[in-house]
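Engineer: Would you mind keeping the following structure in view while I ask a few things?
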């Protein structure tokens, strides 16, 4: 502890704490709306520890205690132990392969007893943010050099790869948001352009018939060659580059994308992605499909797009209309029509109860939090603190955007929690630690940390 931190609120951004408290409170109330049963003693049900909203209240209490310790800690601890914590997080993720429990097809959980589980892939987001900030803040790190960029990319992608092997595709995708923070620190924009172009090509491959897309790519390449014919006469390397890019794009479209969906993704994951673009996926092509000894009807159902969750989610949100049905009056919410409503689809309970007006007001709270975090990032004197702040902003933005788009059918279902809202101790604890470490660093922003 440090003498300058005797006053816990000294230098702490209280606006962020207020926004944090509002989101956590709304989350508990939304979980309560999902589980509420008439005639139940509300007060005692909150204290008995048997309902999900009472457990979330317990998680909140634990998170507040940990947040207090973080605010009382010395900021230098986070820089001193950043690499050690990252190594611990990786070891913890590796440990799940040996002692982890398989929950809903994902072996990414460690049972703690008492019905509580820990998901190391969630906590490792904190350690990755700290390790990335530590690496980029070193005096000897020149981020304009390819070697430094590769090392930073490896720091980010290692836990992502481990998460994918744990069948946590959603969490693995979260780690890609760290490239936003890296871009702020000088990562070449062409890398982001390549990543976005690949995503667009994948979507086009799913939507457009393969031969038609290949012909379209060929026509685009031919037009580029035609309009650049003068430059090509002076420099033949331009023609080589265009032809090479055409071959890469066609190769990705004809071979790489089908391989990923048939060999890397599991059947249900491919179904959900195809369903998001209005297509059906044939699970007979998938090499990861599990043997099914059920009836022929169930076997036939495997070929249907996996859009039940999204359809029910959109029905629930749409039924709320402009101002909603009111607190505890949602028929879809209380009828348990939406699967995973207390976790991935918690946003639906808000939409049905408070309608479009409530959803926009709620998203405004998130927007204010994001703006506040970015503002905090830009006022840091230390590279470590700035990079970490942008990592926090990137993680929050990714979770919010993907989760909301997921519930309204604009993004495939990949199991992404809504920050501070979705039920789960690992998720709430992760976002609490992320935010309060940032608050501690911001409180000491006059210091230059490395």
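The values are calculated or read from the model by the stated rules, or taken from the named source; none is laboratory data. The structure presented is a predicted model; accordingly, all values stated were derived computationally and were not measured. As a convention, Cβ positions derive from the backbone with ideal geometry for all residues, glycine included, and neighbour counts pool all protein chains shown.
Engineer: Can you name the residue in region 86-95 that is within 23 Å of residue 383 (Cβ to Cβ) and buried (at least 19 other Cβ atoms within 10 Å of the Cβ) and is also modelled with the highest pLDDT among such residues? I'd like the intermediate steps shown before the answer.
Structural biologist: Of all residues in region 86-95, those within 23 Å of residue 383 (Cβ to Cβ) come to 86-87, 89.
Now restrict to residues that are buried (at least 19 other Cβ atoms within 10 Å of the Cβ): 86, 89.
Values: 86: 93, 89: 90.
By that ranking, first place goes to 86.
Engineer: How many of the residues in region 415-443 are part of a helix (DSSP H, G or I) and in contact (Cβ under 8 Å) with a residue 60 or more places away in the chain?
Structural biologist: Looking only at that region, the number is 18.
Engineer: Still on this structure, please answer the following. Just checking, which of 132, 123, 92 is closer than 22 Å to residue 170 by Cβ, assigned to a helix (DSSP H, G or I) and touching a strand residue (DSSP E or B) at 6+ places or on another chain (Cβ under 8 Å)?
Structural biologist: After applying the criteria, what remains is 92.
Engineer: Please go through region 103-116 and give me each residue that is surrounded by 12 or more Cβ atoms within 10 Å (Cβ to Cβ), at pLDDT below 75 and touching a strand residue (DSSP E or B) at 6+ places or on another chain (Cβ under 8 Å), ordered by number.
Structural biologist: 103, 107
Engineer: Look through 98, 80 and report the one residue that is closer than 19 Å to residue 387 by Cβ and surrounded by fewer than 22 Cβ atoms within 10 Å (Cβ to Cβ).
Structural biologist: 80
Yes or no, residue by residue, for (1) in a helix (DSSP H, G or I); (2) at pLDDT 90 or above; (3) over 24 Å from residue 272 (Cβ atoms):
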{"site": "324", "(1), (2), (3)": "no, no, yes"}
{"site": "352", "(1), (2), (3)": "yes, no, no"}
{"site": "364", "(1), (2), (3)": "yes, yes, yes"}
{"site": "400", "(1), (2), (3)": "yes, yes, no"}
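Engineer: On to the next question. Confirm whether residue 413 is touching a helix residue (DSSP H, G or I) at 6+ places or on another chain (Cβ under 7 Å), at pLDDT below 85 and either closer than 30 Å to residue 131 by Cβ or buried (at least 24 other Cβ atoms within 10 Å of the Cβ) (or both). Please lay out each step first, then the result.
Structural biologist: Details: touching a helix residue (DSSP H, G or I) at 6+ places or on another chain (Cβ under 7 Å): yes; at pLDDT below 85: yes; either closer than 30 Å to residue 131 by Cβ or buried (at least 24 other Cβ atoms within 10 Å of the Cβ) (or both): yes.
It is true that residue 413 is touching a helix residue (DSSP H, G or I) at 6+ places or on another chain (Cβ under 7 Å), at pLDDT below 85 and either closer than 30 Å to residue 131 by Cβ or buried (at least 24 other Cβ atoms within 10 Å of the Cβ) (or both).
Engineer: Still on this structure: Applying the selection to region 177-202, what residues are over 19 Å from residue 147 (Cα atoms), within 17 Å of the chain's Cα centre (by Cα) and in contact (Cβ under 8 Å) with a residue 24 or more places away in the chain?
Structural biologist: 177
Engineer: Still on this model: Identify, please: which residue in region 326-350 is over 22 Å from the mean Cα position of the chain (by Cα) and assigned to a loop (DSSP other than H, G, I, E, B) and is, among those, modelled with the lowest pLDDT? It would help to see each step written out before you state the result.
Structural biologist: From region 326-350, those over 22 Å from the mean Cα position of the chain (by Cα) are 326-337; that's our starting set.
Okay, now just the ones that are also assigned to a loop (DSSP other than H, G, I, E, B), so 326-330, 335-337.
On the way: 326: 80, 327: 79, 328: 74, 329: 78, 330: 72, 335: 64, 336: 69, 337: 73.
Within region 326-350, the match that is modelled with the lowest pLDDT is 335.
Yes/no per residue for (1) assigned to a helix (DSSP H, G or I); (2) at pLDDT 90 or above; (3) surrounded by 24 or more Cβ atoms within 10 Å (Cβ to Cβ):
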{"residue": "140", "(1), (2), (3)": "no, no, no"}
{"residue": "148", "(1), (2), (3)": "yes, no, no"}
{"residue": "151", "(1), (2), (3)": "yes, yes, no"}
{"residue": "158", "(1), (2), (3)": "yes, yes, no"}
{"residue": "170", "(1), (2), (3)": "yes, no, no"}
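Engineer: Same structure again: Out of all the residues in region 389-404, is one or more surrounded by 23 or more Cβ atoms within 10 Å (Cβ to Cβ), over 15 Å from the mean Cα position of the chain (by Cα) and either within 18 Å of residue 76 (Cα to Cα) or without any contact (Cβ under 8 Å) to a residue 12 or more places away in the chain (or both)?
Structural biologist: Yes, some residue in region 389-404 is surrounded by 23 or more Cβ atoms within 10 Å (Cβ to Cβ), over 15 Å from the mean Cα position of the chain (by Cα) and either within 18 Å of residue 76 (Cα to Cα) or without any contact (Cβ under 8 Å) to a residue 12 or more places away in the chain (or both).
Engineer: Only one of 366, 337 is surrounded by fewer than 23 Cβ atoms within 10 Å (Cβ to Cβ) and within 13 Å of residue 421 (Cα to Cα); which?
Structural biologist: Unique residue meeting the criteria: 366.
Engineer: Please work out if residue 412 is in contact (Cβ under 8 Å) with a residue 60 or more places away in the chain, farther than 23 Å from residue 33 by Cα and in a loop (DSSP other than H, G, I, E, B).
Structural biologist: When the stated conditions are applied, residue 412 passes them.
Engineer: For region 291-322, give me the residue count where each residue is more than 11 Å from residue 338 (Cα to Cα), in contact with a helix residue (DSSP H, G or I) (Cβ under 6 Å, 6 or more places away or on another chain), at pLDDT 50 or above and surrounded by 12 or more Cβ atoms within 10 Å (Cβ to Cβ).
Structural biologist: Of the residues in that region, 5 qualify.
Engineer: Which one of these does residue 370 not meet: (1) farther than 30 Å from residue 80 by Cβ; (2) assigned to a helix (DSSP H, G or I)?
Structural biologist: (1)
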